[in-house]
Amino acid sequence: MTRDGLKILIAQAGPDSNRYPFRSHPLGLMSLAAYVEREIPGTSVDALDMKVSDARPGDIGRIAAERGADIVGLSALTVHWEEMAEAARAARAAVPGALIVAGGPHATCFSGRVLDSGLFDAAVLGEGEKPFLNIVRARMRGERPEGIPAVATPQRPVPDVPRDVLDDPDALPFPAWNKINLEAYRRRCSFSVMGRRNHMSLFTSRACPFECAYCHNIFGHKFRPRSAHNVLAEIRAAHSLHGFSDFDILDDVFNLRRSRVINICRGLIDDGPKISMAFPNGLRGDLLDDELLEIMREAGTTFISFAVETASPRLQKKIHKNLNLDKLAAAIRKADSLGIFSNAYCMVGFPTETESELKSTIRFVAKSPVNIAHFLTVTPFEGTRLYEMLDEETRARAARAPGDMRYEDRAFNLSDIPDSKFRRIIHLGLMRFYLNPFRAAKIILRHPQPKNLLAFARMAFNRIFING
């Protein structure tokens, strides 16, 4: 029997909101809410991001009961599995008749483990919109979520079916901006480390065709870009409805299709609105040429993160990144000449990495004109090619402590370098990078958000003298 007016609570599990300073909007939750409410009129979806909320995982039960939730959906990264499990236990106790559904990266990669916990009725694998919509429809018919594509259940914990993805991302509604506490994100630094500002996160494409060994590749390998027209329409709607003038682009590889990037930028230049764009994640550096960087700058690009990973050609091949380091270096120099503030992400501690290779990565970044540098310890997440490179003992250690696998830790030094020397090299590298007076002066003169310079200085100090 069909039931109208289901009430749904979806939540992003995470750490204490004061533990980590950088936050991005929960675009997955926002897209899911907008899609379900459009496809099933009368259905009400509430979204909660615990990363910016005062609510803790144990409060989910109370919130679900207050809202009379028929379905509770919980999403989390692997490092936040414990918070996700606590939230599920609270929901199960408070609304025993509700369907408890897991989603997000951890549920996608470890559906069997998630369902074995006995806390969930189903787990959505990969992109959530279509599978979750089918779960809601089954619930309305009074049916269990069995046999739904890309949905695992205790009876079928690892379904042998392809992911159920949207081939045309333009078919999705714009994210449900009204479902989240926008003010909470204005009060926190964004993922782009540009500081506090009235910004919105944005996905303009899904998936990545590259096969980097450390990546779970949640969205698959088939690149699915939104059209330039659709992207521009969302930017204009977000600007007119909520006054957003700063956007963080979170794609895996925004610039894979060069002509699309040019069309998006040309649309912003010709017809506006006047905005700024930051790329904390979504660019492949060796696919950026002078013309592309120039038009991106003209369209409002103020910040770019360059994913260097390693300056060792041998390791670039080993991890299947295969980055052209010469082209990357040229793109970094060009971005700097255009006044684009930039960051370098480096991964340190790869299996078989030598001392000279680690030092070459630090040297590559220190000699470049980037303004910020991160040296992040490689984390061997199960289900990746990187994990398969490890010996049995290291795999077992990684599997035992998923909650401890945070990239800022040094717990998983997989290199050939002794731990004490490994830490010392990185610390000296951070000092060499940040204590360069010319770099410090350029940061002060060029930071796109001068009002946030004090917070930036604290971050650099902590990185050198505390975390380092």
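All of the numbers you see were taken from the coordinates with simple rules; none came from a lab. Here the structure is a predicted model, which is why all the values come from computation and not from measurement. With ideal geometry, Cβ positions are generated from the backbone for all residues, glycine too; neighbour counts draw on all protein chains shown.
Using 28 Å as the Cα-Cα cut-off, could you pick out the over-long pairs in 222/317; 51/274; 321/421; 317/421? Check vs 28 Å cut-off fails for 51/274.
Each Cα pair under 8 Å and six or more residues apart adds its separation to the average, and for the chain the resulting relative contact order is 11 percent.
Please work out the FRET efficiency for the pair residue 184 and residue 314, using the Cβ-Cβ distance as r and a Förster radius of 45 Å; give the result to the nearest 0.05. Present the calculation step by step, with values, prior to reporting the outcome.
Numbers: r = 44 Å, r/R0 = 0.99.
Efficiency for this residue pair is about 0.50.
As a length-normalised measure over Cα pairs under 8 Å and 6 or more apart, the relative contact order of region 228-315 settles at 32 percent.
In Å, the Kirkwood hydrodynamic radius of region 216-354 over pairs of distinct alpha carbons?
16.1 Å
Near residue 126: Cβ cut-off under 11 Å, other residues only, Lys/Arg at +1 and Asp/Glu at -1. The net charge is 0. If you wrap the Cα atoms of region 116-185 in a convex hull and average its projected area over all directions, you get 6.8 nm². Residue ranges 346-353, 428-435 sort as 346-353, 428-435 when ordered by packing (mean number of other C-beta atoms within 10 Å per residue, highest first).
What do you get for trypsin sites (Lys or Arg not before Pro) in region 100-146 restricted to DSSP loop and a cutoff of at most 14 other Cβ within 10 Å of the site's Cβ?
Passing sites in region 100-146 are 141.
Shown in residue order for region 322-332 are the 3J(HN,Hα) couplings computed by the Karplus curve 6.51 cos²θ - 1.76 cosθ + 1.60 at θ = phi - 60°: 6, 6, 7, 5, 5, 5, 4, 4, 5, 5, 4 Hz (x for Gly and Pro).
Dividing the summed -39500 (n - 2.57) terms of all DSSP H runs of n ≥ 4 by the residue count of the chain sets its mean residue ellipticity at 222 nm at -11500 deg cm²/dmol. An ellipsoid equivalent to region 182-467, defined through the eigenvalues of its Cα gyration tensor, has semi-axes of 31, 22, 18 Å when rounded to whole angstrom and sorted largest first. Label zone (residue 376, point 7 Å along Cα-to-C-beta; backbone nitrogen cut-off 18 Å) within region 186-214: 189-195, 201-203, 207-214. Sequence-ordered 3J(HN,Hα) estimates for region 267-283 from the Karplus curve with 6.51, -1.76 and 1.60 and θ = phi - 60° stand at x, 5, 5, 7, 10, x, x, 7, 9, 10, 10, 10, 10, x, 9, x, 10 Hz, glycine and proline given as x. Counted by Cβ distance under 15 Å from residue 442, the other residues give a net charge of +3, where Lys and Arg count +1 and Asp and Glu count -1.
The relative contact order of region 7-152, computed from alpha carbon pairs under 8 Å that lie at least 6 residues apart in sequence, is 23 percent. Here is the size of region 7-152 from its Cα atoms: Rg then Dmax, 13.8, 43 Å. With angles folded into 0 to 90 degrees, how steeply does helix 419-434 sit against the dominant principal axis of the chain? Use alpha carbons for both and round to 10. Helix 419-434 and the main axis of the chain meet at about 70 degrees.
Using DSSP, restrict attention to beta bridges with both residues in the chain and report what percent are antiparallel, rounded to the nearest 5. Kindly include the intermediate steps, with their values, before the conclusion.
Details: 5 of 47 bridges.
Of those bridges, close to 10 percent are antiparallel.
Counting only other residues whose beta carbon sits under 10 Å from that of residue 354, what net charge do I get with K and R as +1, D and E as -1?
Summing Lys and Arg as +1 and Asp and Glu as -1 gives -2.
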